[in-house]
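The block underneath contains the structure these notes are about, expressed in structure tokens.
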Amino acid sequence: MEKIDLSSNSIKNEGLKYIINGLTSNMNLQSLIIPNNEINEKGILYMENKLQTCKLKHLNISSNPIGNNGLISLGICLAGDQLNEIISLNISECSITFDAFFVFIKKISKNQKIQILTANKNDLSSNNKWHILDDFFKKLSLRNLSLGSCHLNKDMKEIADIFKFNPTIKYLDLSHNQIIDENFENFQSYPKDNLIVEELDLSRNYISDRSALIFFQNLVDNTNRSEERRVGK
């Protein structure tokens, strides 16, 4: 068995303990999908304390109230000898705030395996602190980063600066972030300055024709034609 999907059940912390016990000796399971199971930080702490050997590559723990402490515990697993094979991680809608997200990214910054991080529907607004993540994101090998519905409108300048010259990220999701023209201006030079990003999702924001005009004019200077480049509408 390589994949188990237990989404929207009642696994809870006690059930997660049994799952973790099974993972310590299972060398075949690659994908564990357990969203919406009422798992909180106690369940993740058990993972940190008990998980020893595991070959998981894909973990989806979204829509569980793991909170900030649970995220930090998960970061410890990913940064150490546990869960060190993870390629994709989904922590969407997990009651996470920016300060814990910063600690998490800092802890996993030396993990070169993680390529896909989905963190939608968390409140990652920072009061102008996103810049402190710059060096840690550069150390990661992320290809896909999803930050949809994370209340990031006021952080757009710093986020644009962080990812404008990021060497690895090809997909960046900033949908549903209430981005207005004033803050979208920081992305208007992306088509000519960032030739790495292949897909930029800006759907469901408040970007007007005024900003769109400048953005698409800059596409003229976009010279990376090796693959089709897509922009979320």
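Considering region 172-196, and only residues there that are of a type in the set (A, V, I, L, M) and surrounded by fewer than 20 Cβ atoms within 10 Å (Cβ to Cβ), the residue that is nearest to VAL220 (Cα to Cα) turns out to be LEU195. In region 157-171, which residue that is touching a helix residue (DSSP H, G or I) at 6+ places or on another chain (Cβ under 6 Å) and more than 13 Å from GLU198 (Cα to Cα) is most open to solvent (accessible area, probe 1.4 Å)? Looking at residues that are touching a helix residue (DSSP H, G or I) at 6+ places or on another chain (Cβ under 6 Å) and more than 13 Å from GLU198 (Cα to Cα), I get LYS157. Against the definition (farther than 19 Å from LYS106 by Cβ, touching a Pro at 6+ places or on another chain (Cβ under 7 Å) and of a type outside the set (Gly, Ala, Ser)), how does ILE196 come out, yes or no? It is true that ILE196 is farther than 19 Å from LYS106 by Cβ, touching a Pro at 6+ places or on another chain (Cβ under 7 Å) and of a type outside the set (Gly, Ala, Ser).
For the residues GLN115, GLN178, the requirement of being modelled with pLDDT of 95 or more, out of contact with any Gly (no Cβ under 8 Å at 6 or more places or on another chain), at positive phi and of a type in the set (S, T, N, Q) singles out GLN178. Summed over region 31-48, the residues that are open to solvent by less than 70 Å² (accessible area, probe 1.4 Å) and modelled with pLDDT of 95 or more give a count of 6.
Residues being touching a strand residue (DSSP E or B) at 6+ places or on another chain (Cβ under 6 Å) and surrounded by 13 or more Cβ atoms within 10 Å (Cβ to Cβ) are entirely absent from region 8-30. Within region 22-43, residues that are under 15 Å from LEU74 (Cα atoms) reach partners that are open to solvent by 40 Å² or more (accessible area, probe 1.4 Å) and in a helix (DSSP H, G or I) with beta carbons closer than 6 Å, at six or more positions or on different chains, in the pairs GLU41/ASN69.
The values are calculated or read from the model by the stated rules, or taken from the named source; none is laboratory data. What you see is a predicted model, and the numbers here were worked out from it, not measured in a lab. FYI the Cβ positions are ideal-geometry reconstructions off the backbone, even for glycines, and counts take in every protein chain you see. In case anyone asks, the SASA skips ligands and DNA or RNA and just uses the protein heavy atoms, side chains included. Shrake-Rupley method; radii C 1.70, N 1.55, O 1.52, S 1.80 Å.
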